[in-house]
1. Just to confirm a number: summing +1 for Lys and Arg and -1 for Asp and Glu over residues other than Thr17 whose beta-carbon lies under 13 angstrom from that of Thr17, what do you get?
2. Enter the per residue convex hull volume of the stretch 141-196, computed from alpha-carbon coordinates, in Å³ rounded to the nearest integer.
3. If N is the number of residues in the stretch 20-136, what value comes out of its Cα radius of gyration divided by 2.2 N^0.38 Å?
4. Compute the relative contact order of the stretch 124-173 as a whole-number percentage, counting only Cα pairs closer than 8 Å that sit 6 or more residues apart in sequence.
5. With an 8 Å cut-off on Cα pairs and a minimum separation of 6 or more residues, tell me the relative contact order of the chain in percent.
6. Can you give me the orientation-averaged projected area of the convex hull built on the Cα atoms of the stretch 204-318, in nm²?
7. For a quick check: with amide H placed at 1.01 Å from N, whose amide H comes under 5 Å from Cys174's, ignoring anything fewer than 5 positions away on the same chain?
8. With N set to the number of residues, divide the alpha-carbon radius of gyration of the stretch 107-174 by 2.2 N^0.38 Å and report two decimals.
Amino acid sequence: MKVTDHIANAKGNPQFTFEILPPLKGQSIDAIFESIEPLMEFKPPFIDVTYHREEYVYIPLEDGLLKRQVVKKRPGTVGICAAIQNKYQVDAIPHILCGGFTKEDTENFLIDLDFLEIDNVVALRGDAVKNETYFSPEKDGHTYAVDLVKQIDQLNHGSYLDVELQNSACTNFCIGVAGYPEKHMEAPNLESDLHFLKKKVEAGAQYIVTQMFFDNEKYFDFVKRCRAAGIEVPIIPGLKPLATKKQLNLIPHRFHVDLPEALIKEAIKCKDNAAVRQLGIEWCSAQSKELVDHGVPVLHYYSMGKSDNIRQIAERVF
Ligand code: FAD
């Protein structure tokens, strides 16, 4: 079922959803099921599965030169989605990237998803590959997420890359895209970022999932600005509980979001990471309850493969 239908059917009741990462290559899918299992009691209508593009590693050769080798550390997004749908009868949503994909790769990927009865996708640009500063698309790939949204929308209208195909089957994907309450790191300002977010919606995106934020005012302000800009689709808040002291630096560095002073002060006082994890649970629960009071349709948790803290939050909120 489409995310938009799940939201409509819930009739205003907030829903619990989460996102998982495929396991590192070489690990079994059991680790995924073990992290999902404790959360199923809260009846997520859908579960997102991230996509991880290839990385380059440099292998030293005997003559002292380096050989560039492509590795994919977390393959398996589509397989995991199919396994989740099969095992739990819950919609699984694969993330799909511009990065590393030609338009042809994208089309074939979407055909696979359609055959697997996957009804939703989150369309993203992806980041630059490790060791490169700027994102660069494949030779015949998309530069921005909006172009990927357009391709998915065209397939939804039966329009394939091969123009000679006649009377082709239409896919029926519900398309989600990313939004950034604290702006995307490359955007010159929030106004510009909202301008391009609106383009994604005009191209066919039916809902937005936000980057994580730790101060609800950032989300409320973002939603207000989106509505003022004419963006009418549901905006699902993305939440991540703080779990380690190291994340005080890691989260702003990796995700380009601010941490509130009050949260930092409390985290610094914590004796160990167990105490930080507990603080993260309390902070995220308070954020979640306030968002529920504001009538958000869905709360989306970045689980990062660990479910104990997300479970404790869900117990308090749902
Ligand atoms: P875009 O919407 O293309 O925007 C990228 C930048 O370009 C922005 O600054 C925007 O303002 C600007 N821009 C957009 N269109 C134009 C235009 N036409 N002209 C000029 N500038 C433009 N990454 C992964 O690798 N795998 C995942 O599974 C994944 N899941 C994510 C899920 C969520 C909810 C979020 C918030 C992010 C996720 N990411 C993931 C990270 C994401 O790939 C990066 O943040 C990436 O840098 C931007 O992706 P985007 O789709 O927002 O890009």
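1. -2
2. Working: hull volume 4.9 nm³, N = 56.
In the stretch 141-196, the Cα hull volume divided by residue count equals 87 Å³.
3. Against the compact-globule rule of thumb, the ratio is 1.23.
4. It rounds to 26 percent for the stretch 124-173.
5. Numbers: 541 pairs, mean separation 60.8, N = 318.
It rounds to 19 percent for the chain.
6. With every direction weighted equally, the projected area is 7.7 nm².
7. Here Asn120, Val121 satisfy the definition.
8. 1.25
Read-outs throughout are calculated quantities, based only on the coordinates presented, and are distinct from any laboratory measurement. Computed from a prediction, not measured in an experiment: that's the story for all the values here. Neighbour counts are summed over all protein chains in view; Cβ atoms, including those assigned to glycine, are modelled from backbone coordinates with ideal geometry.
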